[in-house]
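Read the structure below first, then the notes.
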Amino acid sequence: MAGRDKSYRDQRREREAEQLEKKYKEQTRGEALRRAKKHMESISREIAETVEAEEQYRDGLAISFQGMGDNTLRRRIEAIRTELLSTTSYAQDLVEILAEMEDEVTRRKVDL
């Protein structure tokens, strides 16, 4: 009889342990879901803010360029494009000069 009581107690403890583990998993899953939901809400807010900022920027551009004629805008676009190309070309020249300087330093080290 004592063996049977011990067996029942062991079975009851196992069931309780399983129930506690199941409850813990449910709580943990619930917490993870709440964190994920908060993260999704945060991302949604960031996206909405970004969209709003882009719309305000676009509206601001439209307002600032509204008074300009098409030809004026085209000339400004071309001037900006030319400036960017010349800046890019100048930057490439500087990179080539740096590469030549590094080659010279390397050559001097080898000569020593």
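The values are calculated or read from the model by the stated rules, or taken from the named source; none is laboratory data. This structure is a prediction, so every number in the text was calculated from the model and none was measured. Quick reminder, even Gly has a Cβ in these numbers, built from the backbone with ideal geometry, and neighbours come from all protein chains shown. Note: areas computed on protein heavy atoms with side chains; ligands, DNA, RNA excluded. Shrake-Rupley method; radii C 1.70, N 1.55, O 1.52, S 1.80 Å.
With n ≥ 4 as the cut-off for DSSP H runs, can you work out [θ] at 222 nm for the chain, using -39500 (n - 2.57) per run divided by the number of residues, rounded to the nearest 500?
Numbers: 2 runs with 107 residues, N = 112.
One gets -36000 deg cm²/dmol as the mean residue ellipticity at 222 nm.
For segment 38-103, the equivalent ellipsoid built from the Cα gyration tensor has semi-axes of 37, 27, 5 Å, listed from largest to smallest. Two numbers describe the Cα atoms of segment 65-112: Rg and Dmax, which are 20.4, 66 Å. Ranking Tyr24, Met40, Thr72 by how far each Cα lies toward the positive end of the dipole of the chain (charges on Cβ) leaves Tyr24 at the top. Under the simplified labelling scheme, the Thr82-Glu26 pair shows an inter-label distance of 7.5 nm, with each label point 7 Å from Cα along Cα→Cβ.
Assuming R0 = 25 Å, can you tell me the calculated FRET efficiency for the pair Arg15 and Arg35, based on Cβ-Cβ distance, to the nearest 0.05?
According to the calculation, E is roughly 0.25.
For segment 14-90, carbon and sulfur atoms together expose 56% of the accessible surface, with a 1.4 angstrom probe and every protein chain in place. Principal-axis analysis of the Cα atoms of the chain puts helix 70-111 at an angle of about 80° to the longest axis.
Projection of the Cα convex hull of the chain, averaged over all directions and equal to a quarter of that hull's surface, yields 19.8 nm².
Label separation (Asp93 vs Asn71): 3.3 nm, computed from points 7 Å beyond Cα along the C-beta direction.
In nm², what is the average projected area of the convex hull enclosing the Cα atoms of segment 1-64? Could the numbers behind the result be given before it?
Details: hull surface 14.3 nm².
Taking the Cα atoms of segment 1-64, their convex hull projects to 3.6 nm² on average.
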